[in-house]
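J.: Got a structure for you, written out below as structure tokens; questions coming shortly.
The values are calculated or read from the model by the stated rules, or taken from the named source; none is laboratory data. Fair warning: this is a prediction, and the values are worked out from it, not measured in the lab. Please note: Cβ atoms are built from the backbone with ideal geometry, for glycine as well, and neighbour counts cover all protein chains shown. Surface areas here come from the heavy atoms of the whole protein model, side chains and all, with no ligands, DNA or RNA. Shrake-Rupley method; radii C 1.70, N 1.55, O 1.52, S 1.80 Å.
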Amino acid sequence: MTAPAFSRQGLARRAYPLTGLSVAIAVTFLAFLVPAPWGPVSLYVASIILVALAGVGRAIRQALVVCLPLWLFLFVLHGLLGGGPKIDLGLFALSADGANAALAQAGRFGAIITISLGFYRAFDPSRFLNAVAARGWPMHFSYLFVATLHALPAFVQRAATSIEAQRTRGLRFSGGVFGRTRAVVPLALPLILGALAEVDDRAHALEMRAVAKGGKRTPIDPPTDSWPDRAVRWTLWITVVALVVWRFVR
Amino acid sequence: MSSRLLALIPLAVAINVAIGRIVAELSLPVYLDAVGTILVSALAGLGAGVVTGLIGQVLTSFVSGYVWLAFAPIQILIALLAFVAARRGGFKNLGSSIAWGGLLGLLGGALSAVISYLAFKGVTAGGVTFVTTVLVGIGMELPWAITASSIVTDVLDKALAFALVGVALRSLPVRMISRYPLALRAVGR
Amino acid sequence: MSDVKFDGVSFRYPTGPADVLRDLSFAPRAGEITWLFGPLGAGCTTVLLIAAGLAPRHTGGSIGGSVSVLGHDPQATETALAGQIGFVTATPQLQLSGIAGTVWEEVAFTPANLGWPIERIRPAVDRALEELAVEHLSRRKPGTLSGGELQRVVIASMSVLTPKVWLLDEPATALDASGRALAYQLFRMQADHGATVLVASEDVEALALVADRLVVLRDGHPVLDGPPKTLLAGDAIWDEGPGSTAVAALAREAGRMVESSRFAAPYPITVEEGVARWR
């Protein structure tokens, strides 16, 4: 009934949820710890390979979409407009320091965004909740997180409907900034008031369904935490701590 | 945590996102992605506001990269200012809402400039970064350019967000607003 | 023996100008479906909220008198009654857990929160899904269901607890005819197994057939109390406000126009009774 829904899918989805989360968080730390600029760039390359191997390769392209404008700004802001000695490249001159900083930051963005989106693509809220419940972690934060994930599509839909409805009533979406700013109120207000009107009924239901009750929640088919999962997590955290020591303590 | 907060907070984070979409649709130079956080802080207090802000930030980071978690302190500042404003009746009319929002914009803009400089080398999201780039292009030093562009954007953004929350709180039916003693105080009743 | 007991209860909402309930004493009996009926604002929903322990704790307001549910004061027990009461309202989309990826998980949500062992959860969930004829939906996302399907799932996620007390506020509004029949059949069965079922509803036609006892509220006070078939056939229920079934209304109107014993009270309340009487 509640067998793992992704059993035929890639490593990222089969792994214990906390392993994927650990990889994503560790890479975020590592990106700022490894020596710039080639450390972050190598980490980006490694993230691309890892994400592809783990069966969530679509994250690579999605991350590119997020990264490209950031890279462009880095190039302009630090490469072209950066101070210090310049490298003349014929068509334009690049700031040497700026280009280094831009390259390092571009690598960090690439690595972190790719790995985070990889984890997101593999994220199964139910598996995650059950893993957390099986570990006996407090439920409220993960409840809020997953409930928000579930509530989002409906709200974005409501916003779209509200925009459509106001548009057919003749609300103007063009014109000056001031006019468009005024248009926010009739669009946003019903959304806010509608949500607040639901709070009572939702809270009553949650109360009757024993959410606020303390004590342990029963996990349903919790994913198994295998020894390779644990090995990966420990290796990652030891590496992060070692790098922190190497960078800041020695 | 009470079941009321468990019901309220996901809706508030969803409001953050949905209003952010509306503003994007209207191509306004602001984000308005903290309306839900400000609302919860004014309804249910500081703790609830901070949790709303952090959940929202974790979620944003979750779908677009953990780098953005660096901005989490901003969420705490938003909740704090909204809470203080509520306690002092800061949502009782349009003028005072805008003033409190502007104050938050000043402080928040400065804080986000520091974060943006340290963690992001000034390159964050579209609009602010564009302004920063233009300022550097006309000869401003990078740290000042980041600060100036962050503060200008944030003051506009937060003033508008506070104004909107003020309108929402004042138009709540008595039956609903009376569930939240802090909100009654926020609108000066 | 009553699992739910109201004794001289009065209640006022924090913003209300007057008491919603006034000196309300009544005890729905175990094994019966007790139907609360009254015009809008008569206090039927408030009675359910108080029994569930939600008012005044969640709604605010002030309460007088004493209430006992399953031997507890619902105000004093915090969340102790959660999981022992089947609570269903008219808006299924607001009754969901908010975190379930499938219907099966939705129904398993409360038992899991209560810490039931998994060996107990599985058969209970499967049974509840079957009772509401929604086994085939078990792997669907709750968000993709129709209102009627969703209401069945919501009732199943209460029925999974085999509660001894059911508090139902217009439980069938979102349901189609077959869903409605199924739901009332389930509540009937629960009562037959000894549960106390308390329904607040304006669904006169359905409750006329299924309820064992009718309590009519007016301004927060019980004004009529008896077998539904008797009360619905009489004139008093019209004088107190809520009225009766369409057939009874027809007979009553006809009686005003034509002096005839054929249209005098007690009025027929179903089409069958009308046909039998007027043939």
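J.: Can you name every residue in the stretch A:131-152 that is open to solvent by 20 Å² or more (accessible area, probe 1.4 Å), more than 9 Å from chain B (Cβ to nearest Cβ) and either assigned to a helix (DSSP H, G or I) or touching a Phe, Trp or Tyr at 6+ places or on another chain (Cβ under 6 Å) (or both)?
T.: If the condition is that a residue be open to solvent by 20 Å² or more (accessible area, probe 1.4 Å), more than 9 Å from chain B (Cβ to nearest Cβ) and either assigned to a helix (DSSP H, G or I) or touching a Phe, Trp or Tyr at 6+ places or on another chain (Cβ under 6 Å) (or both), then A:134, A:139 are the ones that fit.
J.: For the stretch B:149-174, give me each residue that is in a loop (DSSP other than H, G, I, E, B) and crowded, with 17+ Cβ neighbours inside 10 Å.
T.: Matches in the stretch B:149-174: B:172 only.
J.: Still on this model: Would you kindly identify the helices (runs of 4 or more DSSP H) lying entirely within the stretch C:121-238 that contain at least 2 residues that are more than 23 Å from residue C:99 (Cβ to Cβ) and open to solvent by less than 60 Å² (accessible area, probe 1.4 Å)?
T.: C:177-192, C:204-210, C:228-232
J.: To continue, here is another question. Under 6 Å between Cβ atoms, which residue pairs at least 6 apart in sequence (or on different chains) link something in the stretch C:8-20 that is modelled with pLDDT of 90 or more with a partner that is hydroxyl-bearing (Ser, Thr, Tyr) and surrounded by fewer than 18 Cβ atoms within 10 Å (Cβ to Cβ)?
T.: Cβ pairs passing all conditions: C:8/C:25; C:12/C:62; C:19/C:10.
J.: Let me ask something else about it. Suppose the filter is at the interface with another protein chain (Cβ under 10 Å from one of its Cβ atoms), outside any helix (DSSP H, G or I) and either modelled with pLDDT of 85 or more or over 27 Å from residue B:48 (Cα atoms) (or both); does residue A:174 pass it?
T.: Taking the combined requirement at face value, the residue satisfies it.
J.: Let me ask another. Got a number for residues in the stretch B:11-61 being closer than 22 Å to residue B:131 by Cβ, small (Gly, Ala, Ser) and at the interface with another protein chain (Cβ under 7 Å from one of its Cβ atoms)?
T.: Looking only at that region, the number is 0.
J.: Within the stretch A:39-60, take every residue that is free of Cβ contacts under 8 Å to residues at least 60 places away in the same chain and in a helix (DSSP H, G or I) and give me the one that is farthest from the other protein chains (Cβ to nearest Cβ).
T.: A:53
J.: Can I ask one more? Quick check: anything in the stretch A:100-117 of a type in the set (Lys, Arg) and closer than 27 Å to residue B:136 by Cα?
T.: Yes, the stretch A:100-117 contains at least one residue that is of a type in the set (Lys, Arg) and closer than 27 Å to residue B:136 by Cα.
J.: Taking the condition more than 13 Å from the chain's Cα centre (by Cα), facing another protein chain (nearest Cβ under 10 Å), over 14 Å from residue A:76 (Cα atoms) and buried (at least 24 other Cβ atoms within 10 Å of the Cβ), does residue B:177 pass?
T.: Spelling it out, it is not the case that residue B:177 is more than 13 Å from the chain's Cα centre (by Cα), facing another protein chain (nearest Cβ under 10 Å), over 14 Å from residue A:76 (Cα atoms) and buried (at least 24 other Cβ atoms within 10 Å of the Cβ).
J.: Okay, moving on. Which one of these is touching a His at 6+ places or on another chain (Cβ under 7 Å) and either modelled with pLDDT under 90 or within 14 Å of another protein chain (Cβ to nearest Cβ) (or both): A:63, A:15, A:101?
T.: A:101
J.: Something else about it: Restricting to the stretch C:77-118, and then to whatever is facing chain A (nearest Cβ under 7 Å) and among the β-branched types (Val, Ile, Thr), can you tell me which residue is surrounded by the fewest Cβ atoms within 10 Å (Cβ to Cβ)?
T.: C:118
J.: Quick check, is residue C:264 within 29 Å of residue C:174 (Cβ to Cβ) and surrounded by fewer than 18 Cβ atoms within 10 Å (Cβ to Cβ)?
T.: no
J.: Might you let me know whether the stretch B:64-87 holds any residue that is away from chain A (no Cβ under 14 Å), in a loop (DSSP other than H, G, I, E, B), of a type in the set (D, E, K, R) and open to solvent by 10 Å² or more (accessible area, probe 1.4 Å)?
T.: Looking for residues that are away from chain A (no Cβ under 14 Å), in a loop (DSSP other than H, G, I, E, B), of a type in the set (D, E, K, R) and open to solvent by 10 Å² or more (accessible area, probe 1.4 Å), one finds none in the stretch B:64-87, hence no.
J.: Then there is this: Take the residues of the stretch A:195-248 that are open to solvent by less than 40 Å² (accessible area, probe 1.4 Å) and among the small types (Gly, Ala, Ser): which is farthest from residue C:49 (Cα to Cα)?
T.: That would be A:195.
J.: Still on this model: Tally time: how many residues in the stretch A:188-212 are modelled with pLDDT under 90 and either touching a His at 6+ places or on another chain (Cβ under 9 Å) or at the interface with chain B (Cβ under 7 Å from one of its Cβ atoms) (or both)?
T.: Adding up the residues that qualify gives 2.
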